[in-house]
1. Pairs, please: C-beta under 9 Å, at least 6 apart or cross-chain, first residue within 26 Å of ALA223 (Cα to Cα) and in the stretch 237-252, second of a type in the set (Lys, Arg) and surrounded by fewer than 21 Cβ atoms within 10 Å (Cβ to Cβ)?
2. Please go through the stretch 274-289 and pick out each residue that is among the aliphatic types (A, V, I, L, M) and touching a Gly at 6+ places or on another chain (Cβ under 9 Å).
3. Are any residues in the stretch 149-164 under 30 Å from THR245 (Cβ atoms) and either part of a loop (DSSP other than H, G, I, E, B) or over 16 Å from the mean Cα position of the chain (by Cα) (or both), and if so, which ones?
4. If a residue has to be in contact with a Pro (Cβ under 7 Å, 6 or more places away or on another chain) and modelled with pLDDT of 95 or more to count, how many in the stretch 145-179 make the cut?
Amino acid sequence: MTTLDLLMIGYGHVARRFVELLDERREALASGYGIAARVVGIATRRDGPRYVVRVFGRTNTVSSAAFIREACARDRDAAGDGRLVVVETTTLDVERGEPAVTHVRTALAGGAHVVTANKGPAAFACSRLLRAAARAKRRFLFEGAVMDGVPIFNLARETLPAVRVSGFRGVVNSTTNYILTAMENGRAFDEALSEMQARGIAEANPSLDIEGWDAAAKTAALANVLLDANITPHDVDRTGISPATAGLAIDARQSRRRLKLVASAARKGRSVAARVAPEPLEEHDLLARIEGQQNALVLQTDLLGDIAIVQLGGGLEQTAYALLSDLVTIATSTPRPRPPARRGRTRGGRARR
């Protein structure tokens, strides 16, 4: 049995549902994968860089990076040998990806694995963090960063050997897709947005969604992983949606097309061009048929042609599952430490070799 110690950085809805899933799937994880997991520390944000932390029954207020360093030191002192996993679920910062990037870097430097549902680390520092993970012989996984846990990154990493992805296009933001679908049916922008906020899909400050920043962060993360790019959300040509987009959505529908906020990227020589913008799509286009909160991504490959992944429903449960899936990947792909060899004894007291 492999026991993993979990350090929770951020403890919002996704993190709480993840902890519930660990309890609900405890027997399946133990019997199917030989995994046991326990939360050893929780850090929740209060003001600025200070976090209220609870670890081993003690509560204190420190910086999140200091909290991670202390937990890594405890793990080393206890001969954890890869047992500590930092679960990073803080909110996205579209300016620099902080403090999530620092959280990941600090954890890897301290010898911990990292799983995160935050798009920031993969969108702002993917290659640097993956190199850091390789040097530390630890895993940095982020399946929950795009499309609520649908296994996009696992698909490319584990099941497409020797396949080259040349580009992708998709509908990857649920809030804007729901609003566009509502507006082409005559509903008001503000009404549709309020409904998404009431469901907990859109944030109280929804600018990340409607201005295209969320989609741009996902586009950067996808491009960095699938196309080996080195871009940030600020390198993505970005246009969001607004109440004025309603006319475009209605016009598109009347001409037998559908208006969608399309995220795309493609190789252009040695560089990668990435874009997020509303596009009128022909009705036969797969992306045109994505309704409401549904998402889809089409990968363009050299050997398999186009591969489409469609998510008919996503949200809190699916993002929490992505963290669970990454945890299983860590436990099943990391060599377990071998116990020291024991030497038997002969009757004469000499070691039997």
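1. Within 9 Å, the pairs are ASP237/ARG275; ARG238/ARG275; THR239/ARG275.
2. VAL276, ALA277, LEU287
3. VAL150
4. The number of residues fulfilling the criteria is 0.
This table checks each residue for (1) surrounded by fewer than 15 Cβ atoms within 10 Å (Cβ to Cβ); (2) modelled with pLDDT under 95; (3) touching a helix residue (DSSP H, G or I) at 6+ places or on another chain (Cβ under 6 Å).
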site: PRO233; (1), (2), (3): no, no, yes
site: ALA252; (1), (2), (3): no, yes, no
site: SER255; (1), (2), (3): yes, yes, no
site: VAL262; (1), (2), (3): no, no, no
site: ARG275; (1), (2), (3): no, no, no
site: GLU279; (1), (2), (3): no, no, no
site: GLU291; (1), (2), (3): yes, yes, yes
site: GLN300; (1), (2), (3): no, no, no
site: GLN311; (1), (2), (3): no, yes, yes
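The values are calculated or read from the model by the stated rules, or taken from the named source; none is laboratory data. Since the structure is predicted, the reported quantities are computational estimates derived from the model, not experimental observations. Reconstructed Cβ throughout: ideal geometry from the backbone, glycine too, with neighbour counts over all protein chains shown.
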